[in-house]
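*Asks:* Attaching a single structure in structure tokens format; questions to follow.
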Amino acid sequence: MSFLAPLYLALGAFVAVPLIIHLMRRRMGARVEFPAARYLARAEKEHSRTLRLRNLLLMFLRVIALLAVAVAAARPVARWVGAGHAPTALAIVVDNSLSSSLVVDGRPLLDQFKAMARDVVGASTSADRLWLVTIDGRVRGGSAATLRDDINRLEPLAGSGDPAAALARAAGVVRGAGLNARQVALVTDGQRTEWQHAPGITGVPLVVYAPRTPAPTNRAVILAEPRPVRWTPRGAVAARFLSRDSTTYRMTINGRTFARGTAAPNEEVVVHAAPPERGWVYGTVELEPDELAGDNVRHFAAWIGPAPGLAVSTAAGPFVKNATDVLRSSERVTEGHDIAVVPANEVSSLPALIVAPVDPILVGAANRSLERAGVPWRLGSRRTGEATVRGAGLDGVTATSRYELLSQPGAIAETLAVVGRDAWVVAGPRYVLVASPIVPEATNLPIRADFVPWLGDVLTTRLVGEPGQVIDAAPGEQLPRPRWADGVENSDGQRTPLTETLDAPTRSGIEFLTRGGRRVGALVVNPSADESILDRYSPNELRDRLQSERTLVADNPSAWSTMAFRAAARRSLLEPALILALVLLVAEALAIGARSARAA
């Protein structure tokens with residue numbers, strides 16, 4: 001037992017009043033003997049035992065009544081059998097991740113979770129403090145009516161949420177409520193991928209409900225990737241599916257179907273295409289809907305345009321010439337003058353892929369050419385000795401001869417690869433600059449298998465068509481603002497300016513990034529592929545993973561709703577204490593009344 005207002009127990013000191021009165025009555029008046037009253041003395045002696053018992057009873061009733069009033073004022077709470085509960089700080093955590101939209105017995109699993117949460121809210125009193133916490137960590141508080149409305153409006157997320165943040169915030173709000181009775185009640189499907197990193201909470205009991213039945217079989221699109229991101233105009237879409245058997249799929253671009261087929265389980269499907277669309281486009285890879293429809297569609301974005309014409313200088317080296325011939329044979333590039341591939345001493349116009357000259361004596365001429373072309377970088381001192389390159393998919397590449405890249409005032413560029421702390425490949429508006437000659441004597445890049453793909457990506461991603469790129473994000477993720485974009489175009493065509501951050505929408509889909517009103521890239525929002533793996537922890541396994549003051553597992557939804565208060569909250573003894581005091585006072589009044597009637 002504990003007391004919500006223990007200072008009121010000081011009222012118990014007033015029990016001394018009946019004791020003092022009782023003791024004083026024993027000494028009231030002086031003993032006088034006279035013959036006419038002797039028969040009264042004999043009568044008193046005969047009934048003295050009865051009188052003493054009656055007086056002790058009255059004193060006992062008064063003392064217990066005063067103690068009951070003092071205890072009631074201190075608002076006692078304790079675990080005991082009966083209806084009602086003490087004022088409780090309760091946070092209801094509802095797992096509304098994507099997997100909660102799974103349809104079970106004809107209705108989404110989230111609908112069952114919402115009904116359970118409403119039952120808990122319905123069992124609350126005006127003295128309770130309630131919060132609703134969703135699995136993304138969002139906290140809502142208020143009255144029972146407010147929370148009931150919030151529960152009714154709950155929708156499944158398009159991703160997995162953040163269970164650790166949700167439980168931490170739930171525990172935080174109940175600990176700060178100032179009530180002795182505190183509880184966190186969690187309802188979840190127990191998905192293994194979601195709870196593999198089990199969070200812990202301290203100082204708060206936890207009640208958990210998770211289904212005991214295994215999850216049904218799920219089919220999902222877990223990969224939808226354009227290869228490359230920029231098609232000129234040919235490209236491919238790679239897709240992979242989660243399924244236990246063969247499944248049919250459909251691929252679209254701008255809402256138009258361009259491919260259908262059947263894929264084996266876990267097989268990567270690559271579909272080549274040369275669609276008529278141009279510019280930045282959106283696409284989907286789709287399956288027929290099943291019990292979890294939220295992962296049956298995956299989105300992608302690509303830029304489609306004509307193959308750029310290359311003018312390759314012989315001074316760039318034979319390996320560059322051979323690589324561009326491979327790209328030309330695959331129709332990713334053509335002969336022309338859209339992009340120059342030249343050493344720095346020959347650059348005269350942009351766009352261009354610029355490499356350091358082979359002969360160090362040409363560095364001065366190279367810097368003058370860079371200045372005339374408007375490239376805000378200069379070649380500095382030459383450095384030799386084998387060093388490892390990092391970034392831009394070039395991990396494992398080494399450079400044995402390179403130049404220091406010196407940025408000029410006002411340079412706007414992105415460092416794609418580094419050697420130590422020095423930039424090795426930088427990219428800016430309409431140029432890419434490499435700090436080494438592309439020859440085996442300076443770097444092993446041209447003799448590696450990934451040289452041709454890297455060169456193709458640089459030419460078609462950085463130097464052709466509109467600038468920009470594709471940014472992948474999870475639903476609701478907050479990303480840094482890309483410097484090459486100033487606005488966002490949503491699926492309805494509405495455009496809004498970018499702020500300091502790029503906030504991904506909470507639903508899967510595509511938003512185009514714009515600059516000056518033109519599309520220059522895309523934000524592709526898809527859930528994690530792990531969210532499609534529905535394997536569950538059993539309730540006891542989940543209990544063992546969650547660290548709390550005390551974790552209890554409910555066997556069924558109704559038990560969870562009941563335990564939400566009973567597991568941690570103790571029932572109030574205020575009403576029983578007041579009733580006891582009233583009964584004692586009534587008994588005292590009856591005893592005094594009976595004595596007065598006999599005396600009369």
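*Asks:* Which residues' amide hydrogens lie under 5 Å from the amide hydrogen of V104, considering only partners 5 or more residues apart or on another chain, with H built in the peptide plane?
*Replies:* It is L109, by chain and number.
*Asks:* Which order do K321, K114 fall in if you start with the one that has the fewest other Cβ atoms within 10 Å?
*Replies:* Placing the least packed residue first, the sequence is K321, K114.
*Asks:* On to the next question. Would you list D555, D128 from fewest to most Cβ contacts within 10 Å?
*Replies:* Starting with the residue having the fewest Cβ neighbours, the order is D555, D128.
*Asks:* Need one word for the range 411-460: rounded, prolate or oblate. Basis is the Cα gyration tensor (sqrt eigenvalues a ≥ b ≥ c); a/c below 1.5 gives rounded, then a/b vs b/c decides.
*Replies:* oblate
*Asks:* Along the charge dipole of the range 130-282, pointing to its positive end and built from +1/-1 on Cβ of Lys, Arg, Asp and Glu, which listed residue (T134, L154, I253) has its Cα farthest out?
*Replies:* Checking the options against the dipole of the range 130-282, the answer is I253.
*Asks:* Name the shape class, rounded, prolate or oblate, that the alpha-carbon gyration tensor gives for the range 335-403, where a ≥ b ≥ c are the square roots of its eigenvalues, rounded holds for a/c under 1.5, and otherwise prolate holds if a/b is larger than b/c and oblate otherwise.
*Replies:* oblate
*Asks:* Amide H of A181: which non-local residues (sequence gap of 5 or more, or other chain) have their own amide H closer than 5 Å, using H built in the peptide plane?
*Replies:* A89
*Asks:* For the range 203-233 and the range 331-401, write down the distance between their C-alpha centroids in whole Å.
*Replies:* If you average the Cα positions of each part, the centres end up 43 Å apart.
*Asks:* A further question on this structure: Per 0.36 nm of contour for each residue apart, how much would the distance between D325 and R192 grow if the chain were fully extended, relative to their Cα-Cα spacing? Don't skip to the answer; put the middle values down first.
*Replies:* Details: separation 133, 0.36 × 133 = 47.88 nm, distance 4.91 nm.
Contour length minus Cα-Cα distance gives 43.0 nm.
*Asks:* Quick one: grab the alpha carbon gyration tensor of the range 309-462, order the square roots of its eigenvalues as a ≥ b ≥ c, and give me rounded if a/c is under 1.5, else prolate or oblate depending on whether a/b is larger than b/c.
*Replies:* Note, shape of the range 309-462 comes out rounded.
*Asks:* Here's another thing I want to ask about it. 5 Å is the cut-off here: which amide hydrogens, built 1.01 Å from N in the peptide plane, fall below it relative to L157, excluding neighbours closer than 5 in sequence?
*Replies:* Counting only residues 5 or more places away or on other chains, the set is S97, L98.
*Asks:* Out of all DSSP beta bridges with both ends in the range 420-550, state the antiparallel percent to the nearest 5.
*Replies:* Beta bridges within the range 420-550, antiparallel portion: roughly 85 percent.
Any read-out appearing in this document is the output of simple, stated calculations on the displayed coordinates, not a laboratory observation. Quick caveat, the model's predicted, so the values are computed rather than measured. All Cβ positions, glycine included, derive from the backbone under ideal geometry; neighbour counts span all protein chains shown.
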